Amino acid sequence: MNVVFVLPSVEYNCLDNNKTNYCPCDNPEYDTSTIVTSVTTEWNLICERTSLASLAQSILQVGILVGSFILGQISDRYGRKLVVLISLFFEVVFVAVSAAVPEFWMFVVCRFLIGTMVGGTMLCCYVLVIELCGKSFRPYMSGLSEVSLILSYITLPIIAYFVREWRTLQLVTSLPWVIVATYYWLIPESPRWLISVGKRKEAIDVLTKIAKKNNRATDNIEHIVTKVELSIKNQQVTSTYADLFKTPKIRMYTIIAALIWMCCSHTFFGLNQYIGRLQGNIYLNVMLSAAFLVPGLIVIVIATLHFKRKLTIITTFVTAAVSLIIFIFIPSDLRAASLTFAIIGLIGAYTSFVQTYLFTSEVFPTVIRNTAIGFASMFARVGGFIAPFVVNIGTEWVSILIFSIIAFSAAILCYFLPETKDITLLNTIADREKSPMNHV
């Protein structure tokens, strides 16, 4: 999220002719009253170099695409915990390294490497937590897992207000989190994954430890594991991306999920960057947009507890789309109204994105869950990659209209996925192919 402060849109006076924001400009004098130094000002990413700023923003999404592709499959083959640990630790390392690079191209490379690790954290952390939860707790988990994001998002503008040099900001928002190395001793491997790859003893040990922590009986754990093993006996326990297209239902759901994720990412990341460019105080705008995600978090928990998955996701997509249409017709001098509807659009996109993670993890079985979400996440990166270029089109109503149309498209696509509320997570591809094609 700190890209809003690291790569901001900046005001400058062109000393060549003493004109404000004039292009071309070889001698800009930047306004440092808000942000003292940034990637934009250090490497003069203005005028004909504006596309380089968009590239630096978008390359993160390319990295997430690559990370999702590689780390998602590694996670299905070698375990959730391994990939979670690698991703979390090296994400911190690469952000810190990006603060020390002397050349712009090095910064872009770091952004790519950060993205690869983000691909692992966004994907594998979520799947690990989902697989550690029973179906009755999954709705709460969807909300709880987002608390950290919202807390970070709210505190980011506060930190950025006091740390106005971009290199220091990168260090402050990364180095303290080397503490994630301790997760090696704190988090267990997914019992579902252990059972699916035949690691019976390890699965029993993890489940026994969890049961004891929760003061539950442990004498029936072996029976439960045996029952699950029998259900997946002679079934495929490792996966490749080709497995997403071998059977009719999985193939259809894979394509639909990928397109929904692309729309989700495009709308959310585009609006997030757009809000940073609205008139007014950048720190206040970002803090307000973050604070107003809190109601969205409450909506997510209530919706996942009491309403059908598809109904709530479609509703939030439509909310985002309609609010953006209204935004287009608000006069530019009504700043408060413009910010309000932009934030409503962001809330709609955010709640859709969070619910899409849960929805997708419930649609696909254990043996290909990470692979399927990784594939969908790759398409999400395409949407995220395009978003900064849409923001930078130059004609505000065109940018907003594109975001609105994309959100409407996602709502339509959601209809064609099966309802998954209160289901027990499926383990094999055969289980999904035998399940009813329920679109209600």
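The values are calculated or read from the model by the stated rules, or taken from the named source; none is laboratory data. Being a predicted model, the structure only gives us computed values, none of them experimental. Every residue, glycine as well, gets a Cβ built from its backbone with ideal geometry; the counts of neighbours run over all protein chains shown. Note: areas computed on protein heavy atoms with side chains; ligands, DNA, RNA excluded. Shrake-Rupley method; radii C 1.70, N 1.55, O 1.52, S 1.80 Å.
Here C23 fulfils each of the conditions (1) closer than 24 Å to F385 by Cα; (2) in contact (Cβ under 8 Å) with a residue 24 or more places away in the chain; (3) loosely packed, with under 15 Cβ neighbours inside 10 Å apart from (1).
Listed by position, the helices (runs of 4 or more DSSP H) contained in the range 270-349 that have at least 2 residues being within 21 Å of S404 (Cα to Cα) and aromatic (F, W, Y) are 309-328. Can you tell me how many residues within the range 178-199 are exposed (fewer than 15 other Cβ atoms within 10 Å of the Cβ) and not aliphatic (A, V, I, L, M)? Looking only at that region, the number is 5.
All conditions in (1) open to solvent by 60 Å² or more (accessible area, probe 1.4 Å); (2) in a helix (DSSP H, G or I) hold for G115, with the sole exception of (1). Confirm whether T424 is buried (at least 24 other Cβ atoms within 10 Å of the Cβ) and β-branched (V, I, T). Spelling it out, it is not the case that T424 is buried (at least 24 other Cβ atoms within 10 Å of the Cβ) and β-branched (V, I, T). Selection of the range 68-88 for residues being farther than 20 Å from A376 by Cβ and surrounded by fewer than 18 Cβ atoms within 10 Å (Cβ to Cβ) yields Y78, L82, I86.
Exactly one residue out of S377, S404 is touching a residue at least 12 places away in the same chain (Cβ under 8 Å), more than 30 Å from I46 (Cα to Cα) and assigned to a helix (DSSP H, G or I), and it is S377. From the list I298, I326, the lone residue that is of a type in the set (A, V, I, L, M, F, W, C) and in contact with a Phe, Trp or Tyr (Cβ under 9 Å, 6 or more places away or on another chain) is I326. Is it true that some residue in the range 319-326 is touching a Gly at 6+ places or on another chain (Cβ under 8 Å), open to solvent by less than 10 Å² (accessible area, probe 1.4 Å) and among the hydroxyl-bearing types (S, T, Y)? Within the range 319-326, one or more residues are touching a Gly at 6+ places or on another chain (Cβ under 8 Å), open to solvent by less than 10 Å² (accessible area, probe 1.4 Å) and among the hydroxyl-bearing types (S, T, Y).
Scanning the range 26-48 for residues that are closer than 26 Å to P157 by Cα, open to solvent by 60 Å² or more (accessible area, probe 1.4 Å) and not in a loop (DSSP other than H, G, I, E, B) turns up E29, E42. Restricting the first member to the range 66-92 and to residues that are within 19 Å of W185 (Cα to Cα) and in a helix (DSSP H, G or I), and the second to residues that are among the acidic types (D, E) and open to solvent by less than 60 Å² (accessible area, probe 1.4 Å), the beta-carbon pairs closer than 6 Å and six or more apart or on different chains are K81/E189.
Against the conditions (1) part of a helix (DSSP H, G or I); (2) in contact (Cβ under 8 Å) with a residue 40 or more places away in the chain; (3) of a type in the set (A, V, I, L, M), M106 satisfies every one except (2). Restricting the range 217-242 to residues that are of a type outside the set (G, A, S) and within 24 Å of the chain's Cα centre (by Cα) leaves a set whose member that is modelled with the highest pLDDT is Y241.
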